[in-house]
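The values are calculated or read from the model by the stated rules, or taken from the named source; none is laboratory data. These numbers were taken from a predicted model, which means no experiment stands behind them. Cβ atoms come from the backbone with ideal geometry, glycine included; neighbour counts cover every protein chain shown.
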Amino acid sequence: MSLQDKVCIITGGGSGIGRGAGIMMAQQGAKVVLIGRTASKVEAVRDEIVAEGGTAVAISLDVVDHDAVHQMAKEVFDTFGRIDVLVNNAGHSSKNRRLLTITPEEIRSVFDSNLIGTIYCTQAVVPAMLKAKQGTIINVSSLA
C-alpha cells in the first residue's frame, strides 16, 4: 500500500512504536497526525518529521476522552478532507503486574486506555472511511 498523500492518525505518537510509525509513514509521503497525552512529546516528533521535509500535525489529547477524540477526527477531516489510516497505538500497562495486588483503579486505567480509547478512536474515524469507501485501521498492542 502506498502511503503517498495518505492522511494517517497515530495515537501514542509521542514515543516508542507510535513515534517510529509516524516517522516511517511520513518518510513514505503520508500526512501524519500524531496524537498523545503529552504535548511536548508529540510536538517533538512533529518537529522531527517537518525538519526532514514531511507533513505532520501534533494534537495533545487523551484517547479516553470521547468528545476530544471525536473533535480531533472532525478537525483532521476538515483540514485534510480525508482520513485514510488510523494506527491505534496508545496504551499502557500497570507498573504493578501482579494479579493478586493490582488495584481496581489500575485495572480500570489500563482497560480504559488500551480498549476504550481504541474503540473511541475507531468510532471517530470510521464515518470518514465509510464515506470514502476505503480506510485502514491498525491496532497495536505491546508491553513496554
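Quick one: ALA73 ticks every box in (1) in contact with a Pro (Cβ under 9 Å, 6 or more places away or on another chain); (2) surrounded by fewer than 18 Cβ atoms within 10 Å (Cβ to Cβ) bar one, so which box is it?
(2)
State which residue is modelled with the highest pLDDT when the search covers only region 105-144 and only residues that are in a loop (DSSP other than H, G, I, E, B) and surrounded by 13 or more Cβ atoms within 10 Å (Cβ to Cβ).
Taking region 105-144 as the starting set, the residues that turn out to be in a loop (DSSP other than H, G, I, E, B) are 133-135, 140-144.
Of the ones still in play, those that are also surrounded by 13 or more Cβ atoms within 10 Å (Cβ to Cβ) are 135, 140.
Working: GLY135: 98, VAL140: 94.
Per the stated criteria, the residue is GLY135.
Which members of region 70-94 meet the condition of being over 23 Å from LEU3 (Cβ atoms) and touching a Phe, Trp or Tyr at 6+ places or on another chain (Cβ under 9 Å)?
HIS70
Of ASP67, ASP47, which residue is surrounded by fewer than 18 Cβ atoms within 10 Å (Cβ to Cβ), of a type in the set (D, E, K, R), free of Cβ contacts under 8 Å to residues at least 12 places away in the same chain and out of contact with any strand residue (DSSP E or B) (no Cβ under 9 Å at 6 or more places or on another chain)?
Among ASP67, ASP47, only ASP67 is surrounded by fewer than 18 Cβ atoms within 10 Å (Cβ to Cβ), of a type in the set (D, E, K, R), free of Cβ contacts under 8 Å to residues at least 12 places away in the same chain and out of contact with any strand residue (DSSP E or B) (no Cβ under 9 Å at 6 or more places or on another chain).
Against the condition touching a Cys at 6+ places or on another chain (Cβ under 9 Å), farther than 16 Å from ALA73 by Cβ and buried (at least 19 other Cβ atoms within 10 Å of the Cβ), how does GLY22 come out, does it pass?
For GLY22, the condition - touching a Cys at 6+ places or on another chain (Cβ under 9 Å), farther than 16 Å from ALA73 by Cβ and buried (at least 19 other Cβ atoms within 10 Å of the Cβ) - is met.
Based on this model, can you work out whether ASN96 counts as part of a helix (DSSP H, G or I), at pLDDT below 95 and not charged (D, E, K, R)? Full working, then the answer.
On the way: part of a helix (DSSP H, G or I): no; at pLDDT below 95: yes; not charged (D, E, K, R): yes.
No: the conditions fail for ASN96.
Checking THR101 against (1) closer than 24 Å to LEU3 by Cβ; (2) among the polar types (S, T, N, Q); (3) surrounded by fewer than 19 Cβ atoms within 10 Å (Cβ to Cβ), only one condition comes out false. Which one?
(1)
Quick check on region 20-43. Is at least one of its residues free of Cβ contacts under 8 Å to residues at least 12 places away in the same chain and either among the acidic types (Asp, Glu) or in contact with a Pro (Cβ under 9 Å, 6 or more places away or on another chain) (or both)?
no
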